[in-house]
1. Considering only the range 80-165, give the strands (runs of 3 or more DSSP E) lying wholly within it that have at least 2 residues that are surrounded by fewer than 18 Cβ atoms within 10 Å (Cβ to Cβ).
2. Quick one: in the range 257-268, of everything that is closer than 13 Å to residue 357 by Cα and among the charged types (D, E, K, R), which residue is surrounded by the fewest Cβ atoms within 10 Å (Cβ to Cβ)?
3. Somewhere in the range 94-103, is a residue within 30 Å of residue 355 (Cβ to Cβ) and without any contact (Cβ under 8 Å) to a residue 24 or more places away in the chain?
4. Within the range 236-249, does at least one residue satisfy the condition of being without any contact (Cβ under 8 Å) to a residue 60 or more places away in the chain, assigned to a helix (DSSP H, G or I) and either hydroxyl-bearing (Ser, Thr, Tyr) or farther than 24 Å from residue 359 by Cα (or both)?
5. For the range 265-300, what are the residues that are among the aromatic types (Phe, Trp, Tyr) and either free of Cβ contacts under 8 Å to residues at least 12 places away in the same chain or within 19 Å of residue 4 (Cα to Cα) (or both)?
6. Do you know which residues across the range 186-227 are β-branched (Val, Ile, Thr) and either without any contact (Cβ under 8 Å) to a residue 40 or more places away in the chain or within 19 Å of residue 176 (Cβ to Cβ) (or both)?
7. Does at least one position in the range 189-209 carry a residue that is part of a loop (DSSP other than H, G, I, E, B), surrounded by fewer than 24 Cβ atoms within 10 Å (Cβ to Cβ) and of a type in the set (A, V, I, L, M)?
8. Give the range 10-33 a look and list any residue that's assigned to a loop (DSSP other than H, G, I, E, B), surrounded by 14 or more Cβ atoms within 10 Å (Cβ to Cβ) and touching a helix residue (DSSP H, G or I) at 6+ places or on another chain (Cβ under 8 Å), or say none.
Amino acid sequence: MIYADYNGSAPLCREVIDYLKDRLENGPYSNPNAIHHLGQKTKMAMENARAVCAKTVGALPKQIIFNSGSTEGISQVFFSLLYGKVNEGRKRILISGIEHSAVINCAQFYSDDQGYEVTVIPTQQNGQCDVNALKEIINSSPETVAMVAVMAANNETGVVQPYKEIGEICQSTNIPFVCDTTQFIGKTPFNFAESHIDFAFVSGHKVGAMTGAGFILAKDPTLLRPLVIGGGQEKSLRGGTQNYIGFETIAVAMNTFEQKKEKVENLQKKRMDFEKKLKEKFPVVIMGDDAPRLGGTTFISYPGIHGQAVQIELETQDIYVTTSSACSDNEPTTSKVLKAMGITDDVGRGAVRISLGPCSPEDAYDKIYIALEKAYEKLGKIKSF
């Protein structure tokens, strides 16, 4: 079996599995906020996890606020920056056209509920946010912009955004920069201190750790307001008894990534060879082909062949990929990300996302190529549209 949906959810990495076997067998189990010995021992392990996570991303431990994952983190940051503040004069939210729905829906909520104006920053054909367009939007009236939200790497195309440049622009104009790093951290090197980002996010299940655990990276944690009130946990920034074992697994996964950076480079080389072979044999389109991308992400389309048909063919060969399509009466539609890039429906409907990680088998791309070759040769004879 080849699992090629790491961008959806990475499987637990081997080091996390081994850690959990020992951790679940030997404990301790306690409320990390209790003052007795077991509680303090549990808290010590959680704080050690915070320190490890901070070290691997170039941050300070106090800048990490543990939570359930990126969606919660994004909601809390939007709430902290926007709720009840529109009358202060900063009434515009700037987001890219390729954001995850967690960002898009938050922006829409604050537009509907609080009266903010949402401006979508144009996307270039290569899948990157148009920095020049962003500069023009900000320079026209910087004092009206409440926040800028542009992700670090897109979950569909894997295209890496010019987040440092955007961060510098925001920093120079005193505008908070919210960057969804969910697909970026744990897949490629990242240093929060050098990023010019005000708020970033991590979900454990994207890095090989447990689902339901994650954290916010906050340059200035005092800007945060609690979304979950609770009993004062996480320095009163996120209530509720902490998922301490989940947080520990993030630390294990992040530390493992640090030790396997050479595998990320090797993965990128294999991906490039894989794409080269496909382009030489089939009239395929690779989204974001001429932009920097995550090492293990390929978003590919054979115009005229439904992406879901390709997905089904691969699944019969025990290879699991995803598409960007949402079906309605068997008529797949082009995703919002591809539409923002100017991708036409004949290409967009055929899109298939192949995403691997540093823990994927060495021969994964070879096996996927053989399977995809068979699928395209078969389906190419009976084009769907």
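1. Values: elements: 92-96, 117-121, 145-149.
Fully inside the range 80-165 and qualifying: 117-121.
2. Pass one, the range 257-268, residues closer than 13 Å to residue 357 by Cα: 257, 260-268.
Among the residues that remain, those that are also among the charged types (D, E, K, R) are: 260-263, 265.
Details: 260: 17, 261: 12, 262: 9, 263: 17, 265: 13.
My answer is 262.
3. Kept after step one, since they are within 30 Å of residue 355 (Cβ to Cβ), are these residues of the range 94-103: 94-103.
Next, from what is left, pick out any that are without any contact (Cβ under 8 Å) to a residue 24 or more places away in the chain: 101.
Yes, the range 94-103 contains a residue that is within 30 Å of residue 355 (Cβ to Cβ) and without any contact (Cβ under 8 Å) to a residue 24 or more places away in the chain.
4. Kept after step one, since they are without any contact (Cβ under 8 Å) to a residue 60 or more places away in the chain, are these residues of the range 236-249: 236, 239-240, 246.
Applying the additional criterion that residues be assigned to a helix (DSSP H, G or I) yields 236, 246.
Remaining after also requiring either hydroxyl-bearing (Ser, Thr, Tyr) or farther than 24 Å from residue 359 by Cα (or both): 236.
Yes.
5. Going residue by residue through the range 265-300, those that are among the aromatic types (Phe, Trp, Tyr) are 274, 282, 299.
Answer for the range 265-300, where residues must be among the aromatic types (Phe, Trp, Tyr) and either free of Cβ contacts under 8 Å to residues at least 12 places away in the same chain or within 19 Å of residue 4 (Cα to Cα) (or both): 274, 299.
6. If we filter the range 186-227 for residues that are β-branched (Val, Ile, Thr), which is where we start, we get 188, 197, 202, 207, 211, 216, 222.
Across the range 186-227, the qualifying residues are 197, 202, 216, 222.
7. No: the range 189-209 contains no residue that is part of a loop (DSSP other than H, G, I, E, B), surrounded by fewer than 24 Cβ atoms within 10 Å (Cβ to Cβ) and of a type in the set (A, V, I, L, M).
8. To start, the set of residues in the range 10-33 that are assigned to a loop (DSSP other than H, G, I, E, B) comprises 10-13, 27-33.
This time we only want the ones that are surrounded by 14 or more Cβ atoms within 10 Å (Cβ to Cβ), so: 10-13, 28, 30-33.
Correct list: 10, 12, 13, 28, 30, 31, 32, 33.
The values are calculated or read from the model by the stated rules, or taken from the named source; none is laboratory data. Everything quoted here is computed from the prediction, not taken from an experiment. Neighbour counts are summed over all protein chains in view; Cβ atoms, including those assigned to glycine, are modelled from backbone coordinates with ideal geometry.
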